Structures are given as C-alpha cells and as structure tokens.
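Each remark here refers to the structure printed beneath this line.
The values are calculated or read from the model by the stated rules, or taken from the named source; none is laboratory data. Source: prediction; values computed, not measured. Ideal geometry is used to build each Cβ from the backbone, glycine not excepted, and the neighbour counts take in all protein chains shown.
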Amino acid sequence: MNEFQVPTDLGRILGKIYCGEETKSLDEIHKKIVDVVTLIEKKYGRNVITPNLHLSLHLSACSHDFGPLYAFWYFSFERMNGILGSLPNSHRQIEPELMRLEILNTRQSVGSLSEMDQFGHDEMRRFWMYSRTIQESTISGKEPYSGEMLKPFSENIPLSADGILDLMIAYYNDTYENLKFRKPFETDSLNSIIIPLKINKYCRCRIGSKIFGSTFSPRHQKSSYILAKFASDDDSIDIYPGQIQFFFVHERSTNRINMENHYLAYVRWYKKIKNRFYFSVNKEQICNVELWDTEFYSKSRDCIIPVHYILGRFVLVKYKISDRKNAKEYLAVNPINRKYNLR
C-alpha cells in the first residue's frame, strides 16, 4: 500500500465539510487543503495534480463570496467537459482539434453565459440592483429583464377568475402615483384609466440562467419558492419567503394610447413568527437558514410583484420544535444564492 494515497474525489469530500459537518473555520480548513495538495505534488509530481485538486484550492474563497457550497454549482467545468466530449473528434489529440475547429467562437452561449450576449454590463447591473435597492427603484414591471416567460401558458384569462382584480387596481395605483386606475363601469372617477380585464398566465419564468416555477404547474412547484425584499413603514428592509402561484403578463396603457406589457408574479407570502430562529453551532449564528410560519398572510396588494423584484429561490423543509408537551411545525427557509458575472 502506498505511503500516501491520492484522494480521487476530494471535491465531494470538501463539499460535505463546507456544508457544515465540520465547525472549523474556512481559513483553517483551507490551510490543511494546501498542505494536502503540496504533499501530493511532492510525492507523486505535478502531473498528478488534477482539476479537482486545483478546484479545492478555490473552495474557501467561493464559500466566503457566495455562501455554503450546497447553494451553488461548483463543478461548472463538468458541464463544459460534457459539451466538449459530445463533439466529433479522433480520440487522440482533442485539444488542438478543438482549437482548429474554433468551437469556442462558433458555439452559441448557453445558461448564464448567454446573459452577457443579450445584455450589456450596465443593463445587467441595473437589473441586478432592482431586487436589492427597492427603496430607490421605481419598477412597474414593464422594464426589460434578462429572461422570458416560459410555456405552458394560458391566454386571455379573466382577472376576476383568479380574484385579483382589486389587487391589480391597488397595484397600479401604488405604482403610478400620478395616475388613477379603475375597473370598467365604475363612475366615481371618470378621468381615471380603465385596466384591461384579461391576462396571459404562465407556469414558469426564466430570469437570467435560473428558471422559476409556480403552483400553476405541479411538476414545477419545487422551484416556486422565492425570496423578495419589502420596505416597512419605518424604512427598514426585510426579506420575505413566498410561493409563486403563477406568472402573468398584463397589457395596459398609462397614456390611453400606447399599450405596454407588464411582467408580474402573483405570490403568497409566509407569515413571520414572533421569534426569528436561526440555525447555529456553538451558540454562534453561522447559517442563514431561518424558521417561518407554515401559513400564508391574507391576500393583499403585496401579492403582486414585478418579476424584477425576485431576489432568489430557497429550499423549503418542514421543521418541528418540541418542548415535550407541544410540538410546533415551522418552515426552514434555506436561501439559494443567485449569481451574476459582472465585470
């Protein structure tokens, strides 16, 4: 048996460490990883330093930048390997063959890379700021965003069918402070704008490289849990978890002439609990997982938001707290970070 064996799957082992199974600091673990890789190089030479070993040296920095590794994909090179491996080649010297074919210049960008093809730096940064600076942003839902509504969808659905007509009136009146909106056949405000009563209803929406689902399509319900920021009356900002019921596009006019599409989501928001619980180790809050009530707030104007305000997704897990007499079930809200490549 060798005196020192090379780990064959060091990335997955380190993934478990960074997910919280160890309580040591990231910096201390990083130093040990450097020592391991150095020993491997001394014992077996540089040719044994695989991409996985090189990747492990960046795990600490990635965790500091983006949070726990389970919240984002840190094997992106594996997808590229799959793309390159599917291309015709002689199985001999694939690297020069790929360079001669200019694959990197001719192949269409996909996923998060395609965002940079369609949107410039300033547009991407502005869209990224929409969901973070809600106090300064004046978003109505008609602004461009780096995504699209996805099928399946239903056309010309009456607003009254979902019971949100009154909510839509309140939404537009809050969003356009200098204008007044009303339902058809109301006579109390003759100078106000009548909103159309039809919407196009969608199951899914792609924002950047991420696809968000809704309860409108049961098969996409797992991706329907989102986070969004709200401003309180005291100007404080808080993040609320919710579940998207459906996405919709509403065409309406602000000047009685030009029609504009508004890209919106209908969301039910979970209630706060009196005491905000956080998961912790050794009495230190080292995790951003929170506990929330399992019930929704009542339907209100806040249930309608522009898709631009979606901060990200979260993983929902039922969690019980028991004091031997009574057991209370909560929602453990585990955020999944959204990533943008802005330079």
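Note down all Cβ pairs under 6 Å where the first residue falls in region 190-209 and is touching a residue at least 40 places away in the same chain (Cβ under 8 Å) and of a type in the set (Asp, Glu), the second is assigned to a strand (DSSP E or B) and surrounded by fewer than 16 Cβ atoms within 10 Å (Cβ to Cβ), and they're at least six residues apart or on different chains.
From region 190-209, no pairs qualify.
Do we have Phe248 as touching a residue at least 24 places away in the same chain (Cβ under 8 Å), assigned by TED's automatic domain parsing to the domain that holds Ala161, part of a loop (DSSP other than H, G, I, E, B) and surrounded by 21 or more Cβ atoms within 10 Å (Cβ to Cβ) here?
no
So Arg313 clears everything in (1) modelled with pLDDT of 85 or more; (2) of a type in the set (Lys, Arg); (3) exposed (fewer than 14 other Cβ atoms within 10 Å of the Cβ) except one condition, right? Which one?
Here Arg313 clears every test but (3).
So which residues in region 138-170 are out of contact with any His (no Cβ under 9 Å at 6 or more places or on another chain) and either of a type in the set (Phe, Trp, Tyr) or not assigned by TED's automatic domain parsing to the domain that holds Ser253 (or both)?
The one that is out of contact with any His (no Cβ under 9 Å at 6 or more places or on another chain) and either of a type in the set (Phe, Trp, Tyr) or not assigned by TED's automatic domain parsing to the domain that holds Ser253 (or both): Phe153.
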